[in-house]
Structure formats: C-alpha cells, structure tokens
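Working notes for the structure below.
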Amino acid sequence: LMTGARVTGGSDGAAVRIETTQGAIEAGRAVICAGLHADRMARAFGADADFRVVPFRGEYYRIVNQPADLVSRLIYPVPDPARPFLGVHLTKKLSGGFTVGPNAVLALAREGYDRPAFDLRDAADSLLWPGFWRLVARNARAALDEGAASLSRRLYLRKVQRYCPRVQLADLAPWRPGIRAQAVAPDGRLIDDFLFAQGRNTLHVCNAPSPAATSAIPIGAYVVDRLMAL
C-alpha cells in the first residue's frame, strides 16, 4: 500500500475497500501487513490497536579494502534478551563483499531512509506516545550509546572491532539504511512477537519480527485460519 492511501471499510461489512493513489482494491476479507503504517491501518479499519509503531533507523556500512575471505559466515554479537534488536553484525553478501550493521536509532520519519529526514506527523506519533518515553527511561543508556555511534563513525567502528578487529575506519563505506517498524506497548515494552489485530472483515499483522518467521508455512496457515473465522 502506498503512503497516503485513504482507507475505508465496506459499507455493509460484506466487503473491504481500500482506496489508493493507484485505484481501489476490493475484497470480501483482507489480510493487511502494513509494516511502518500497521497501527494506522488497523485503526482505520476499527481494529483494536493498543500499540504504536515507533520507527528505528538501522544504519549499515559496507566493508572495503578487505580480502574476500575476511570471514566465512555471519558474525553476530551475543544477543541481549531485553532488546529485540540484533545489534551490529557482520554479513557476508551473496553478491560478494560484506556489510556491518545495523545500529538502532529513533527515526523521525517512518520512511526516512535519507538523512536528514523529518515528518511532523510521524515524529508526533512517536513522541506523544506514552510508551515511547517509558521505553526511553528503561533503556536510556543503550539509547545514548546507539545515538553516539550514529553520530561518530569511530564509535560505530568499536562495535565492529569487538569481533573483527582487523577492520579499520577507512574500511567503512556508507551503505543503504533500513527502517524497523517496532511495535511499542503503552507500558514501554518492545513487542518482539507476532501481534495481530482484528477488524470486521480484516486481519492485521501488526508485528512480524523475523523474516524467517514471516516465511514459515505454519504461521501462514494460522493467518488463513484466523481470516476465515472472521
């Protein structure tokens, strides 16, 4: 769905109609996976959406000036159970070469892939959500650390050198960032599991934390069962 799409429900509950800038889409039932706009789409269809999508920008670097056999596999830091973010890790690309990242810093635009990026509505949705400030209070030290590494390439490099010390500052070249659609509960809890919201004729997948999970056939079957029960 395109950003700025106008969303309406069916007039008698028998259909779903979604109006976009490229025309209308109609269906008897619909599964909506809206990613960065999952909370807005759920509310537009009258679903219970007691959460807020807070976008986090993940910044990457491409490793240059290093041999093709720098590493032979993915290298991850030890995960922190209190945080769903993977942390800065080294990835060997199928097309050749390596990337490191991502960090996790607040994005002030849900689709703010270019820096600087600011959207008043997106920023207000995050900053006026009580859960966001509870999240910050609970993770203040980590937030400061991530923010500092975003501003300083040397600090970012330290994260990389914990498990690949031969990488130097000159080896880090900018790479495409990503935006994580992180669902945050009112109490500041980062929702790190599947989250579904149900409308009259719609099922909203509001949080799907892992690419491996989103491609799992049993979870797809679960979604179909939920949809057909509407």
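The values are calculated or read from the model by the stated rules, or taken from the named source; none is laboratory data. Here the structure is a predicted model, which is why all the values come from computation and not from measurement. Cβ: placed from backbone, ideal geometry, glycine included. Neighbour counts: every protein chain shown. Side chains included, ligands, DNA and RNA excluded: accessible areas come from the protein's heavy atoms. Shrake-Rupley method; radii C 1.70, N 1.55, O 1.52, S 1.80 Å.
Return the calculated 222 nm mean residue ellipticity for the chain, to the nearest 500 deg cm²/dmol, obtained by summing -39500 (n - 2.57) across DSSP H runs with n ≥ 4 and dividing by the residue count.
It lands at -7500 deg cm²/dmol.
Between Ala27 and Arg62, the FRET efficiency from the beta-carbon distance, with R0 = 45 Å, is close to 0.65. For Trp175, the solvent-accessible surface with a 1.4 Å probe is about 90 Å², rounded to the nearest 10.
Between Val78 and Asp119, the modelled label-to-label distance comes to 3.8 nm, taking each label 7 Å out from Cα in the direction of the beta carbon. Summed over the residues of segment 73-192 and divided among them, the accessible surface reaches 59 Å² per residue at a probe radius of 1.4 Å. In this label model, Arg158 and Ala185 are separated by 3.3 nm, measuring between points 7 Å along each Cα→Cβ vector. When the residues Phe118, Phe85 are ordered by accessible surface, computed with a 1.4 Å probe over the protein chains alone, the sequence from largest down reads Phe118, Phe85. Mind giving me the nanometre distance, one decimal, between the label points for Ile219 and Arg166, set 7 Å out from Cα along Cα→Cβ? Placing both labels 7 Å beyond Cα along the Cβ direction yields 3.6 nm.
The ellipsoid equivalent to the alpha-carbon distribution of segment 106-207 has semi-axes of 31, 16, 15 angstrom, derived from the gyration tensor eigenvalues as √(5λ) and listed largest first.
With N denoting the number of residues in segment 12-75, provide Rg(C-alpha) divided by 2.2 N^0.38 Å, to two decimal places.
Details: Rg = 20.6 Å, N = 64, 2.2 N^0.38 = 10.7 Å.
So segment 12-75 has a normalised radius of gyration of 1.93.
For segment 105-147, the mean projected area of the C-alpha convex hull, equal to one quarter of the hull surface, is 3.1 nm².
For the chain, the percent of C-alpha pairs falling in each 10 Å distance bin, counted from 0 to the bin holding the largest distance, reads 7, 28, 31, 22, 10, 2, 0.
Accessible surface comparison of Met228, Met41, probe 1.4 Å, protein chains only, largest first: the order is Met228, Met41. Expressed as a whole percent, the accessible surface of the chain that belongs to carbon and sulfur atoms is 56, based on a 1.4 Å probe.
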